[in-house]
Structure formats: structure tokens, C-alpha cells
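Undergrad: Before I ask anything, let me first share the structure, which is written out below as C-alpha cells.
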Amino acid sequence: MFALLEDAGFKRVRSTIIPGFAFRKESTRDAAEAYGVKAVLLTAQRPGK
Amino acid sequence: MTDVAPPHAEEQGPLEGVIKGEVLRMYQEVAEHPEGEFHFYHGRRAAEMFGYATDWLDRAPGGAVASFAGVGNPHLRSRLQPGEMVLDLGSGAGLDSIIAAWQVGPAGRVSGVDLNPEMRAKAQAHAREAGLANVEFRDGRMEDIPVPDQAIDVVISNGVINLSFRKRHVIGELFRVLGAGGRIAITDIVSAKPLSQSIVSDPKLWAS
């Protein structure tokens, strides 16, 4: 999503991993860990000011 | 990090309707039965886990807190100012919109957009319960946001864009609705590895 934001023209794109995010069910959690699934906080700005 | 759905997911048109139906069903379940158990943490426990201020959670209508289903806290970086126009993409039961409405004050305005009619009805009721006149909830899809060009100062969103097959298009919509210098503060889910086709094609996993 970081790259999509830059491709769209956004500037100052920043991404921070959200600590503590996890799926509640163990089966989903295990699959998510295997694929490196993370929650992130993304910020960006539309240029022009 | 890549998106949860690989780029080729945007070409899987026939599956999109099935996924959308499962997403609607899952979040309708959260709206109607917030006491239920889901793949994700939700409600006050989740909001506290993501650092929502206790006084916000105490002040917000209980139903908005109970049906909270975000994956983080966009308010940590949204830097909302009085008078700003805010779009809450995928507004759910309204907690993030209500918190945003408090921050922008009566001179500002918050538009929540959600495709789930049960969630929109709940969000509207919660905003009324909170006594807010500067927030509205609209029917709409993130791929076709019902907002004019450059009408928004800040977009917030919480755990929603990962549910779309057409993320590039959604991001383009965010760019379109923001005015010059407009900002986004989005929490969402990404993966370090491309997901397998079996996962991408499973509506229940998309909705989880």
C-alpha cells in the first residue's frame, strides 16, 4: 500500500507497524504469522500547499 | 511489505461480488452481535489495545465502542484541527467518526462512508446519542467515494482498504477527494509475502 500511495502522487508517505495487533483465533493468527501479516499506520500528504 | 491481496487480485472480477457479500455479512454480524466472537479483537478491548484514550471511550456511546472493529488507531497521527473536513472511509459503527467530530469541532465536519446499511444506521444513532451535529454517514463504496473532488482536508480509515480488490483505485479516490495539502492517516493490514491463491480466493479469510 506504501507503493500505491507513492504511485498515486502522495508525498511524505510514512508507515509504522502497530504493536499489539493480532488475530484473536489461533488458526488465523498462525496463518497471518506465516505470511508476515502486520497492521500498519500509514500517513501521507497530497502535494500542493 | 506488500498488500494483503496481490496485484492480480484486482483482475479477479467474478470473485469480487462474493467477497463483498461475505464482508457485508461479517460486519453486519459485528453490528448486530457485538458480544460475539470473531477472528479479530473488537470492542473496548481492541480500542484500548490500540491506545484509544480512556476518556474518549468513556465519553463515546457504548454501542459505538462495543462494535469497534478497527486494526489500529488512526487518531495517533491524524493531527485533526478545528474546522477541518474529514472523511472516515469505512466508518462502521461510528467510533472513529465521533472522535474526529470532537476534534474538528462545530466549525468542522465529518463524513463517514460505509456500504453496510446496519452499520450506517448504528453510526447515525450513535452520533445522535453523542449530540453531534457535525457528522453524517453516507452509503458508498471505497472504490467510488461519494464526495466531490478536493472537498476533504483529512482522510481517516481503520482496517478497511485491505478488504478491497481494487486498492490502487481506492488510493486514487483518496487522492481525488483530498484538497491541496490534504492528509491521510490510515491503519490497515499488509503482508510481507504474497498470499497464496487459496487464501486470496477464500471469502471468509478476506472478511476476517
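What follows draws every value from the coordinates through simple rules; no lab data is involved. Note that the structure is predicted; figures quoted are calculated from it, not measured. Here the Cβ positions follow ideal geometry from the backbone for every residue, glycine too, while neighbour counts run over all protein chains shown.
Undergrad: Could you tell me the ratio Rg/Rh of the stretch B:50-120? Both radii from Cα atoms, Rh via Kirkwood.
TA: Rg/Rh for the stretch B:50-120 comes to 0.93.
Undergrad: Taking the Cα centre as origin and putting +1 on Lys and Arg beta-carbons and -1 on Asp and Glu beta-carbons, what dipole magnitude results for the stretch A:2-45, to the nearest 20 debye?
TA: Once rounded to the nearest 20, the dipole reads 200 debye.
Undergrad: Could you work out, residue by residue across A:26-33, how many beta carbons of other chains sit within 10 Å of that residue's beta carbon, and then give the average as an integer?
TA: 2
Undergrad: Out of the chymotrypsin sites (Phe, Trp or Tyr not before Pro) in chain A, which ones are loop residues according to DSSP with at most 13 other C-beta atoms within 10 Å?
TA: none
Undergrad: Tell me, B:Asp114, B:Asp55 in order of fewest to most beta-carbon neighbours within 10 Å?
TA: B:Asp55, B:Asp114
Undergrad: For peptide B:177-185, compute the average count of partner chain beta-carbon atoms within 10 Å of each residue's beta-carbon.
TA: Average neighbour count from other chains, rounded to a whole number: 5.
Undergrad: Hey, what do the phi angles of the stretch B:90-102 turn into as Karplus ³J(HN,Hα) couplings, whole Hz, using 6.51/-1.76/1.60 and θ = phi - 60°, x for Gly and Pro?
TA: Whole-Hz 3J(HN,Hα) from phi for the stretch B:90-102: x, 6, x, 7, x, 4, 5, 5, 5, 4, 5, 5, 4.
Undergrad: Around B:Val110, which amide H atoms from residues at least 5 apart in sequence, or from another chain, sit under 5 Å from its own amide H, with H modelled in the peptide plane?
TA: B:Val86, B:Val135, B:Glu136
Undergrad: Just checking the output field for B:151-164: average partner chain Cβ neighbours within 10 Å of each residue's Cβ?
TA: Shielding by partners across B:151-164 averages 1.
Undergrad: Please order B:Leu115, B:Leu95, B:Leu178 by the number of other Cβ within 10 Å, starting at the fewest.
TA: B:Leu115, B:Leu178, B:Leu95
Undergrad: Related question: Please report Rg over Rh for chain A, where both radii come from the alpha carbon positions and Rh follows the Kirkwood definition.
TA: 1.15
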